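Remarks on the structure that follows.
Quick note: the coordinates plus some simple rules give every number you see, no bench work behind them. Only a predicted model underlies this, so the values are computations on that prediction, with no experimental measurement involved. Every residue, glycine as well, gets a Cβ built from its backbone with ideal geometry; the counts of neighbours run over all protein chains shown.
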Amino acid sequence: MERVEPIRDPQKLAAIKAKLRKRSPRYYAFFVLGINTALRPGDLLRIRARDVYRVDGKVHEHLYIRSQKTNRAHRILLNDPCREALELLWEREGPFEGDEPLFPWTRQHVWRLINRWCREVGLTGRYGGHTLRKTWGYMARKYHGIPIELIQEKLGHTTPAVTRRYIGITDDEIEDVENRVNL
């Protein structure tokens, strides 16, 4: 399996969101849920309409899901961007049947989509299914100052070292820290 990168540039992230919002509410919802919930691609693909919508189309406050890989139960807050994306999806393509998959695609299709979206905004490198999950971890640490131990817990990693490797802490970032810490 090819190792993929997070999206490191907030402007590129915003550009992808803007393009997808115009192009397809389903693609937009997938992307927004991916970067905000940090779910693995396989778990995103398992989300059913009833998992995020009430019968009247209102969005649930939380998503309850059991991880396919670890069998661990998760309670995930559907934050404002998630709620907005899901409301747009319901408005444009709903109503949905309760058992209907929200994202009826294969993992290979997801890989192609994410790769294409990244290329469309000028990103080079390796991007794919885990890019969205890695982006959450990277952005949480780099731009929101979240301690690596909390990111580790959210991602379900065994050690902080695994998390650091997973979210792609680069030599340039380490050098940046070395430049800022002048004792």
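Note on the stretch 4-52: residues that are more than 20 Å from HIS109 (Cβ to Cβ) and either touching a Ser or Thr at 6+ places or on another chain (Cβ under 9 Å) or part of a loop (DSSP other than H, G, I, E, B) (or both) amount to 5. Sub-8 Å Cβ pairs linking a first residue in the stretch 9-20 that is touching a residue at least 12 places away in the same chain (Cβ under 8 Å) to a second residue that is aliphatic (A, V, I, L, M) and part of a helix (DSSP H, G or I), at least 6 apart or interchain, are PRO10/MET139; LEU13/ILE35; LEU13/MET139; LYS17/VAL32, ordered by first then second residue. Listed conditions (1) closer than 20 Å to THR135 by Cβ; (2) buried (at least 19 other Cβ atoms within 10 Å of the Cβ); (3) aromatic (Phe, Trp, Tyr) are all met by TYR53, apart from (1).
When every residue of the stretch 112-127 is checked against the conditions, at least one turns out to be farther than 17 Å from ALA15 by Cα and without any contact (Cβ under 8 Å) to a residue 60 or more places away in the chain.
Considering each of ARG83, ARG66 in turn, give the residue that is touching a strand residue (DSSP E or B) at 6+ places or on another chain (Cβ under 7 Å), touching a residue at least 24 places away in the same chain (Cβ under 8 Å) and among the basic types (Lys, Arg).
None of the other options fit; the residue is ARG83.
Selection of the stretch 162-183 for residues being out of contact with any helix residue (DSSP H, G or I) (no Cβ under 8 Å at 6 or more places or on another chain) and in a helix (DSSP H, G or I) yields ARG165, ASP171, ASP172, ILE174, GLU175, ASP176, VAL177, GLU178, ASN179, ARG180.
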